[in-house]
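Everything on this sheet refers to the single structure shown next.
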Amino acid sequence: MTPLGQRIAALIAAQGPISIAEFMTLALHDREGGYYATRDTLSADFVTAPEVSQMFGELIGLWLAQAWHDQKKPKNPRLVELGPGRGTLLRDALRALKLMPEFRNALEVVLVEVSPALSKVQAETLADCGVPLRWSESFDAQSVKGPIFLIANEFFDALPLRQYVKTERGWCERMVTIGENGALAFALAPDALPAGLVPDNRDGAPEGGVYERSVAGEAISEQIAHVIARDGGTALIIDYGYDAPGFGETLQAVAGHQFADVLADPGASDLSAHVDFRALAQAARQGGGSVFGPVEQGAFLTSIGIVERAEALSRNHLETMTAQLDRLINADQMGTLFKALAILPKGAPTPAGF
Ligand code: SAH
């Protein structure tokens, strides 16, 4: 077990089982051993769309600029990214936005990032971008004022979630405890949740069915909508996930491009889970926003012009561009599992791609 794993085991020995959300927070963000806190690159373990192709960030930058135009160019726009990773998407977006100087010149960029190591990489990637940059460790309606033009790619999948398992006693929370051999292990809480805390759409779950809920994800979605309703702007959330509720568990660990054991080596693997888009949409509506989608990533990118962009770039690099396009939009790659959801002010017209 990693030193962080040993600390988590000591914590459980002292205070009893912890929720999966608490475990994820420690495994991902502990200042000394957390996965994100200690890494300056993620591509050793998994590759995200902006790292696959420059086209992804370029098109998203232009999509956000279009939203600014559609809202009659509000003053002091903020270009916000939640969880910017290495800063690649922002770099590509800001390059493409040289085509929209009016928007680009008015921007302040806000990078919402908890990881000190990744914040440093982002600062290096964007050192020469010529646009004012500001970092924030969290996102809420107080720390970020709008109008916001916000992108979150593979951010929500990394947020802590809780799991509840359907048993004959009712829905019981799955906790992290210490197993017989001293290793971390899952165990169900003895008492069932009070009725009414699991949404009705999970009523048909079979015994052993799992309900996953990210309270943190819902809270951030609501805050985004709140800022957009108050100050204007648009948000684009892209991630892998589902719209119709499922009964399976999706929490996974990945290291070195392979699935790993979630509990075995905390901090040494990335932890993520499929995003419940229906829950994010509901939270955004509660926050006062108007929601579009989710639509599949392949359809979204195609509709906003990725094929034409690939053709333009192919003049020099035909094979590379075909491979990148395939990776981003094909159904057996990222095209259908990944989805896009947009949040706009109430009454706004349907945005491009939805
Ligand atoms: N968007 C990037 C990186 C995705 S990885 C890309 O597409 O390549 C997830 C990112 O979210 C990392 O930058 C991670 O440090 C950040 N992150 C994870 N949880 C966070 C939280 N609770 N608050 C702020 N940033 C977080």
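The values are calculated or read from the model by the stated rules, or taken from the named source; none is laboratory data. Keep in mind it's a predicted model, so treat the numbers as computed, not measured. Using ideal geometry, Cβ is built from the backbone for each residue, glycine included, and neighbour counts are taken over all protein chains shown. Surface areas here come from the heavy atoms of the whole protein model, side chains and all, with no ligands, DNA or RNA. Shrake-Rupley method; radii C 1.70, N 1.55, O 1.52, S 1.80 Å.
Points to keep in mind about this one:
- Unmet requirement for residue 120, which otherwise passes all of (1) closer than 23 Å to residue 83 by Cα; (2) in contact with a Phe, Trp or Tyr (Cβ under 7 Å, 6 or more places away or on another chain): (2)
- Among the residues making up segment 207-250, those that are under 18 Å from residue 21 (Cα atoms) and away from the ligand (no atom under 15 Å from the Cβ) are 210, 211, 212, 213, 248, 249, 250.
- Look at segment 284-296: where a residue is more than 19 Å from residue 227 (Cα to Cα) and a partner is in a loop (DSSP other than H, G, I, E, B) and small (Gly, Ala, Ser), sitting 6+ places away or on another chain with Cβ atoms under 9 Å, you get 293/353; 295/353.
- Among the residues of segment 118-140, those identified as surrounded by 15 or more Cβ atoms within 10 Å (Cβ to Cβ) and over 18 Å from the mean Cα position of the chain (by Cα) are 121, 125, 126, 129, 131, 133.
Here is a yes/no grid of residues against (1) in a helix (DSSP H, G or I); (2) surrounded by fewer than 21 Cβ atoms within 10 Å (Cβ to Cβ):
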residue	(1), (2)
109	no, no
151	no, no
160	no, no
163	no, no
177	no, yes
182	no, yes
188	no, yes
221	yes, no
225	yes, no
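- Matching residues, segment 129-147, being in a strand (DSSP E or B) and within 20 Å of residue 216 (Cα to Cα): 135, 136
Each row is one residue, and each column tells you yes or no for (1) open to solvent by less than 10 Å² (accessible area, probe 1.4 Å); (2) hydroxyl-bearing (Ser, Thr, Tyr); (3) within 11 Å of the ligand (Cβ to nearest atom).
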site: 145; (1), (2), (3): no, no, no
site: 157; (1), (2), (3): yes, no, yes
site: 167; (1), (2), (3): no, yes, no
site: 174; (1), (2), (3): no, no, no
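- Filter result (in contact with a Leu (Cβ under 7 Å, 6 or more places away or on another chain) and assigned to a helix (DSSP H, G or I)) within segment 266-296: 277, 280, 281
- The residues of segment 194-219 that are within 24 Å of the chain's Cα centre (by Cα) and not in a loop (DSSP other than H, G, I, E, B), listed by number, are 201, 202, 210, 211, 212, 213, 215, 216, 217, 218, 219.
- Enumeration of residues in segment 46-57 that are away from the ligand (no atom under 12 Å from the Cβ) and either open to solvent by 10 Å² or more (accessible area, probe 1.4 Å) or more than 15 Å from residue 151 (Cβ to Cβ) (or both): 54
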